[in-house]
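Have a look at the structure below, then the notes.
The values are calculated or read from the model by the stated rules, or taken from the named source; none is laboratory data. From a predicted model like this one, the values you see are computed outputs, not experimental measurements. Every residue, glycine among them, receives a Cβ derived from its backbone with ideal geometry; neighbour counts consider all protein chains shown. Accessible surface areas use protein heavy atoms only, side chains included; no ligands, DNA or RNA. Shrake-Rupley method; radii C 1.70, N 1.55, O 1.52, S 1.80 Å.
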Amino acid sequence: MSDATQPLVGITVVEIGTSVAAPYGSWILGCLGARVIKIEAARGDDARKWGRIFPDGRSSFFEALNANKESVVVDLRDASERQWLEQFCVEKADVVLQNMRPGKIAELGLDGPKLCLQNKRLVYFNLGAFGAVGPKAEEPGYDPLMQAAGGIMSVTGEPDRPPVRVGVSLVDMGSGMWAAIGILAALYRRAGTGRGCIMDGSLYETSIAWVKNQVGMVQVDGVDPEKVGSGARGMAPYQAYECSDGFLVISAPNDNLFERLCHALEQPHLLADDRFATNQLRYANLTALNAQLMPLIAQKPRAHWSALLGSAGVPYAPVCTITDMLADEQTQALGIIQSVPGAASDLVGLPISFDGERPVLRTAPPKLGQHTAEIKGA
């Protein structure tokens, strides 16, 4: 590990959070070298009980989101405990990232206006559900609620089928990522001005941000985008096709790639069909196009088509399970799956590198209250 991969060394982050969103944001900062103090109730972060449970009782969700952190148990119902945390944030923190339910942090006297008045350099990030203002500002929220409310569910899944949630915590983790981006920008500005700030982000705003392309489509004609399964609106062919042994995603959304695809599949007659002359026409006539492609592709295994498409320069990818992905030579070559001493398992690292070097996960996710005595006694 080099200093180049740890640009936030010397920055102290206090995470007053639980579940996924704020912990993921502070995880990013921790991977970049920041010291992250995780404040937990005596019962622990909710995520300590989520996901699959390792034989020693540790949770797969908590392990994934909380490496490079120190756990301090604080009873926020106790005035002296709140006073300690307030003093710690004012005197030792550069950043506070909190995602408590709306209004709760102010009730506890640990809100941004109060702390930033005492520490002008403090960067304070509120990560809420629906946002800081508006009629729903005080309502709670979780990832599936925001995938529903923000429009993501309306464009996910197969046509004429019930709504489907994206299978990962897209909104929660995305909100944590936006929080980390905002905090980095605020720290950069502070380096020049000497002043921190209070920032606000939310799950709902993140959900809206992820449908920006679909919002653009609605602005054109006022028509809500349809569900297209594994495909993408306005692009064809650009979806998963069933082979004899599984699914293969084929992406040929421009004329050059479509020509290569037709030759690779030995279907040059498709190039002479006026219905498929341009990408927009291919998308408009996708049912007819797929009537040609699907029966053909279904005859052979994925390896057969992968070899042909690879040689022709047509982008493709098998639909992999998580186990498949972990075993893939590309995953292994990247070194993004990291072994951390003391962790319950290997963990996913940060998906960026500095001059070819990826930040390492320095410490295992902490046991509940592992650092309470050390930090409170300091």
Potential extension, Ala288-Ile181 segment - 0.36 nm per residue separation minus Cα distance: 34.1 nm
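On average, how much accessible surface per residue is there in the range 192-315, in Å², for a 1.4 Å probe, leaving out ligands, DNA and RNA? Walk me through the intermediate numbers first.
Numbers: 6550 Å² over 124 residues.
Solvent-accessible surface per residue comes out at 53 Å².
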Where Cα atoms sit under 15 Å apart: lysine pairs in the chain separated by 8 or more or lying on different chains: 9
Where N is the number of residues in the range 193-351, Cα Rg divided by 2.2 N^0.38 Å: 1.38
Simple spin-label estimate for Lys367 and His304 in nanometres, 7 Å along Cα-Cβ: 5.6 nm
GNM flexibility winner over the chain from Val13, Val90, Val228 (Cα, springs under 10 Å): Val228
FRET E, pair Val220, Asn256, Förster distance 22 Å, beta-carbon r, rounded to 0.05: 0.30
Residue-averaged 222 nm ellipticity for the chain, from DSSP H runs of 4+ at -39500 (n - 2.57), nearest 500: -11000 deg cm²/dmol
Residue with peak Gaussian network fluctuation, the chain [Cα springs, cutoff 10 Å], from Leu361, Leu187, Leu108: Leu108
Solvent-accessible area, 1.4 Å probe, carbon plus sulfur percent, for the chain: 56 percent
Extension gain, Ala240 back to Asp355 (0.36 nm per residue minus Cα-Cα distance, nm): 37.9 nm
Distance (nanometres) between label positions extended 7 Å along Cα→Cβ at His263 and Thr323: 4.0 nm
Residue order for Arg121, Arg161, Arg195 - accessible surface, 1.4 angstrom probe, largest first: Arg161, Arg195, Arg121
Within the chain, percent of DSSP bridges classed antiparallel, to nearest 5: 40 percent
Mean accessible surface per residue for the range 36-90, computed with a 1.4 Å probe while every protein chain stays in place, in Å²: 47 Å²
Dipole magnitude of the chain, debye to nearest 20 (Cβ charges: Lys/Arg +1, Asp/Glu -1, about Cα centre): 820 debye
Shape box of the chain [Cα atoms, principal axes, largest first, Å]: 78, 47, 42
